Every structure is written in C-alpha cells, then in structure tokens.
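The values are calculated or read from the model by the stated rules, or taken from the named source; none is laboratory data. The structure presented is a predicted model; accordingly, all values stated were derived computationally and were not measured. Cβ sites come from the backbone with ideal geometry, for glycine too, and all protein chains shown count toward neighbours. These area figures cover heavy atoms from the full protein model, side chains too; ligands, DNA and RNA do not enter into them. Shrake-Rupley method; radii C 1.70, N 1.55, O 1.52, S 1.80 Å.
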Amino acid sequence: MFERGAKAKGVVEDVKRCRLNDPNADRLVYIAKIDEKTNTVVKDEQFDSISFEELVEELPDNMPRYVVLSYRQRHPDGRVSFPLVFIYYLPTTARPKSRMLYASTQQAFSKETQLSNPYMLVDKEQLDQEWIERHLNKFS
C-alpha cells in the first residue's frame, strides 16, 4: 500500500514540488502508479508542460493511475490561481485486482500528499480543459 518509507517520501516530496509551479506554465503533471511487486506507490512520469491531448496519450488504456495536475485557472474577475487537482484514473478495462489495489490505496495517497477531493476519471478521452473546469467549479 502507501508505505511511509523512502519511496513514499519521494512521491510526497514530488507532489509538494508540483505546488511550487512555474507561473509561466499552464500545467504541470505528476503521474504515480502502484508497483504491484512491492505494493508501493511510485513515480510513473512527470511533465513540466503538457497538453491535455498529450496527457491522454500518456495514460495507459488498461491500468489505473494517480494523476496530480497543477492547473492554471483563469477566473472571471481576472485572477489566476494554480489549484492542485488530484485525478483518480480508474479505467473500466483495468483488471479487477488492479482496480481493488488502487481503490484501497487512494485514500492513503490523498492523505499523505494532502490532496483532497479526488476526481474520478474512467474514460481518459473525457480529460480536457472543460472536464477540469467543470470539476473545479463544483467547489467554487
């Protein structure tokens, strides 16, 4: 599961760095996976700047992932914020064992990384700016 050892500490530190986003970038993405041999959450990939189309291509078709997205949100009053979005990617085509493993670890990942309000994504093709904005606006 989400161990508190060195590997988990590295993931937590990586996610914290996502909070310190470059204000000139539109989005920074950190993707974590569970190493099924050791049952620990590990870094899969990280991108300093990536389009939604490229992110969709990077996500596997049949394996869950935890995606942390630092997103440039422009508000109607002109303000700009960088919310950290936790996307719990759980494709319906994933093996039941993988689905259960990610489901049982999601809460611990959320707690350790201090990410609340995970947004579940079952079809990666739905992931775009409109999907993100729609979910972010639920809590504004």
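May I ask you to list the residues in region 57-86 that are aliphatic (A, V, I, L, M), touching a Lys or Arg at 6+ places or on another chain (Cβ under 9 Å) and modelled with pLDDT of 95 or more?
Within region 57-86, L59, M63 meet the criteria.
Could you check region 28-140 for helices (runs of 4 or more DSSP H) lying wholly inside it with 3 or more residues that are closer than 26 Å to G10 by Cβ?
52-58, 96-113
Residue check: is E36 more than 13 Å from the chain's Cα centre (by Cα) and open to solvent by 70 Å² or more (accessible area, probe 1.4 Å)?
Judged against the criteria, E36 is not a match.
From the residues in region 44-54 that are touching a strand residue (DSSP E or B) at 6+ places or on another chain (Cβ under 6 Å) and of a type outside the set (D, E), which one is least open to solvent (accessible area, probe 1.4 Å)?
Filtering first and then ranking leaves I50.
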